[in-house]
Amino acid sequence: MNDNLTFRRMTEADIDEVLRVEYAAFSHPWTRGTYSDSLKSYECWLMFEGSQQVGHGVINVIIDEAHLLNLTVKPESQGRGLGLRLLEHLMARARARGAHECFLELRASNHPAYRLYERFGFNEIGRRRDYYPAVDGREDALVMACTLLD
């Protein structure tokens, strides 16, 4: 477990670096506008290893439900447990805001993310057909849910 990790809230000034990570990690990344809008309505977090930004995530909490909207780890930092640490931080934030359950969608082809969420305790509860844009058309989203325990 890496004890050199820190977290802080994302600001507008962070978006350029967030987009660099986002564009390296995804074929269909979020846009600057999506992040600017998210900063106004959701909790947006950065994860640092030492002084290097290695990930970011976005959650929305409404009453007692959370929705994980984005979880991204820099590609060259993946495979070392950082995604789980970021997920743990975001779920702790959701619990602190009163959430008892969290939902998310992920690409059906994103097997590493599926394993990460399953390891944390998420279960697949549904599928949204043609939810995501893909290189060759559209791709299904898997819907997952997790009960957040104190």
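The values are calculated or read from the model by the stated rules, or taken from the named source; none is laboratory data. For clarity, every value in this text was computed on a predicted model and none was experimentally measured. We place every Cβ from the backbone using ideal geometry, glycine too, and count neighbours over all the protein chains shown.
Regarding segment 116-130, can at least one residue be identified that is of a type in the set (Gly, Ala, Ser), within 24 Å of residue 18 (Cβ to Cβ) and out of contact with any Gly (no Cβ under 7 Å at 6 or more places or on another chain)?
First pass over segment 116-130, keeping only residues of a type in the set (Gly, Ala, Ser): 121, 126.
Checking the rest, the ones that are also within 24 Å of residue 18 (Cβ to Cβ) come to none.
Within segment 116-130, none of the residues are of a type in the set (Gly, Ala, Ser), within 24 Å of residue 18 (Cβ to Cβ) and out of contact with any Gly (no Cβ under 7 Å at 6 or more places or on another chain).
Here is a yes/no grid of residues against (1) over 30 Å from residue 137 (Cα atoms); (2) at pLDDT 95 or above; (3) charged (D, E, K, R):
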site: 46; (1), (2), (3): yes, yes, no
site: 67; (1), (2), (3): no, yes, no
site: 93; (1), (2), (3): yes, yes, yes
site: 96; (1), (2), (3): yes, yes, no
site: 110; (1), (2), (3): no, no, no
Query - Which numbered condition residue 98 misses (of (1) part of a loop (DSSP other than H, G, I, E, B); (2) surrounded by 15 or more Cβ atoms within 10 Å (Cβ to Cβ)) - result: (2)
**Report entry** Which listed residue, of 49, 22, is charged (D, E, K, R) and either under 19 Å from residue 99 (Cα atoms) or over 16 Å from the mean Cα position of the chain (by Cα) (or both)
**Finding:** 49
Report summary line: Taking segment 119-150 and the residues there that are without any contact (Cβ under 8 Å) to a residue 24 or more places away in the chain and either in contact with a His (Cβ under 7 Å, 6 or more places away or on another chain) or acidic (Asp, Glu) (or both), the one that is farthest from residue 64 (Cα to Cα) would be 136
Query - Residue satisfying condition, being within 22 Å of residue 12 (Cβ to Cβ), of a type in the set (Ser, Thr, Tyr) and loosely packed, with under 14 Cβ neighbours inside 10 Å, within set 51, 38 - result: 51
**Report entry** The one condition in (1) in contact with a helix residue (DSSP H, G or I) (Cβ under 7 Å, 6 or more places away or on another chain); (2) more than 18 Å from residue 18 (Cα to Cα) that residue 36 fails to fulfil
**Finding:** (2)
**Report entry** Output for segment 110-143, where each listed residue is of a type in the set (S, T, N, Q) and surrounded by 13 or more Cβ atoms within 10 Å (Cβ to Cβ)
**Finding:** 110
Report task. For segment 1-32, enumerate the residues that are in a helix (DSSP H, G or I) and within 28 Å of residue 109 (Cβ to Cβ). Result -> 15, 17, 18, 19, 20, 21, 22, 23, 24, 25, 32
